[in-house]
Each structure stands twice: as structure tokens, then as C-alpha cells.
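The structure under discussion appears below in the form of C-alpha cells.
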Amino acid sequence: MKKTFVETVGRVAYAHFTPTELFTTTGLGVDMQRVWRKRGHLPPITGRTATFSTIELMQIAIMYELSGLGVSPKNSESSAELGASTVLFFSLLNGKGAVDVRGSMEEVTALARRMEMRDRVALSISGSEGKGRFLWSSAPPTFELIGDIEKQIEEAGAVGHIMIDLMWLGIKLAERTPKPFVTIEAG
């Protein structure tokens, strides 16, 4: 795992997932992964077997959720890129199993307190700008990242819309993941 230094956090390693782990976490079956890869919706295999980075997993989860709502993977790729860091943010902030913190008892406790009291740590790790909770569209394939769904629906005056709650998606993924999305070496 490649480690990155994140200010105020420490060294952060983002996990990589096998096709089976991707299935366990997102629900996208291994056979369908092959189909999506063949159609260019998933990254090509660069080694002996396919692996997916944490952020790719988040993107694929969004694409999979949108496909269940009738939006094709081809039409959801840019939306998945838009919302992936937000899904990771909510996973880290609210999900059990999303983060593994290593270090001395004091370092781990201090980081845990900072994560509970502020979302700045989760924002730093995820790369999210914290600008929204919902991926919304009244005219797919164009989606927006918004914070207030009720206000958006009223202002848009749209009869129909498609919306994904990225917070609940992040929590769901964190509950299903067989391993943490990120490992932090506190200190």
C-alpha cells in the first residue's frame, strides 16, 4: 500500500480491493465487472489481476446505484467522479470499519477525538470539499452535488428527479467492506 502524508492526520494508506471485495462492498458482481470493463466503464487490468483503489470503489458504487435507477454506467461516469470523495468522506465520518488507525495509544486516542469533534480530518483524508450530501438530477446524465435536497426540488420545479444520498451510500459501503478504506499511522 502506498502511503501519503496528510496534514494534521499522519501517514494515510488507501486500500486496494479485489473483484470479490468490490462485489462484497458494492454489490457489483464479478461477471458484471467483466462486462463493465469490456465496455470501458471500469479501469483496465494493469497487473495479473484486477484491483480497485478506494476512490475507484466509491465511483463504482455510485455508478452501480445509478444503474439501478436507470442511468447507464456510460452516463454516470462523470457523476461518479463528482461524488466519490463525498462518499468516502461520509464513510470515514460515520461508518464503522472504514478506518484503521495505528500508532501509540495516545496518538490513536488523540486522532479519534479529533475525528469525533470535527469533520476536518475526514475532509483531509477523502479530498472532499464538503459541498453537498446528495447527487441530484432532473435531467440525467447531468448531476449536481447539492446540500439541501428540499430547496433544490422546490427551486427546480421538476416533476421527476433522480437522487442518491451519498451519506447513506458511504455508511452502507463502510458496513459491508471486508477491510478498511484507509489506514492511518497517527503521529
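List of remarks:
- Entry remark, the range 55-78: residues being among the polar types (S, T, N, Q) and under 12 Å from the mean Cα position of the chain (by Cα) number 1 in total.
- Residue match in the range 47-61 (condition: under 17 Å from Gly127 (Cα atoms), out of contact with any Leu (no Cβ under 8 Å at 6 or more places or on another chain) and touching a residue at least 60 places away in the same chain (Cβ under 8 Å)): no
- Applying the criterion of being of a type in the set (Gly, Ala, Ser), part of a helix (DSSP H, G or I) and under 16 Å from the mean Cα position of the chain (by Cα) to the residues of the range 131-180, the residue that is surrounded by the fewest Cβ atoms within 10 Å (Cβ to Cβ) is Ala174.
- Screening Ile164, Ile149 for residues that are within 24 Å of Thr24 (Cβ to Cβ) and either modelled with pLDDT under 85 or of a type outside the set (D, E, K, R) (or both) leaves exactly one candidate, Ile164.
- Filtered by the rule that a residue be assigned to a loop (DSSP other than H, G, I, E, B), in contact (Cβ under 8 Å) with a residue 40 or more places away in the chain and open to solvent by 90 Å² or more (accessible area, probe 1.4 Å), the range 1-33 gives Met1, Glu7.
- Hits in the range 1-45 (condition: β-branched (Val, Ile, Thr) and farther than 30 Å from Thr109 by Cβ): Thr18, Thr20, Thr24, Thr26, Val30, Val35, Ile45
- Residues in the range 66-91 that are open to solvent by 10 Å² or more (accessible area, probe 1.4 Å), touching a strand residue (DSSP E or B) at 6+ places or on another chain (Cβ under 6 Å) and either within 19 Å of Glu185 (Cβ to Cβ) or among the small types (Gly, Ala, Ser) (or both): 0 in all.
- Selected residue (criterion: most open to solvent (accessible area, probe 1.4 Å)) from residues of the range 34-58 that are part of a helix (DSSP H, G or I) and out of contact with any strand residue (DSSP E or B) (no Cβ under 9 Å at 6 or more places or on another chain): Lys38
- In this structure, Ser76 does not satisfy being part of a strand (DSSP E or B), in contact with a Phe, Trp or Tyr (Cβ under 9 Å, 6 or more places away or on another chain) and among the small types (Gly, Ala, Ser).
- Index of the failed condition, Ala98 passing every other in (1) among the small types (Gly, Ala, Ser); (2) more than 30 Å from Phe23 (Cβ to Cβ); (3) out of contact with any His (no Cβ under 6 Å at 6 or more places or on another chain); (4) in contact (Cβ under 8 Å) with a residue 12 or more places away in the chain: (2)
The values are calculated or read from the model by the stated rules, or taken from the named source; none is laboratory data. None of these values were measured; they are calculated from a predicted model. A quick note on method: Cβ atoms are made from the backbone with ideal geometry, for glycine too, and the neighbour counts reach across all protein chains shown. In case anyone asks, the SASA skips ligands and DNA or RNA and just uses the protein heavy atoms, side chains included. Shrake-Rupley method; radii C 1.70, N 1.55, O 1.52, S 1.80 Å.
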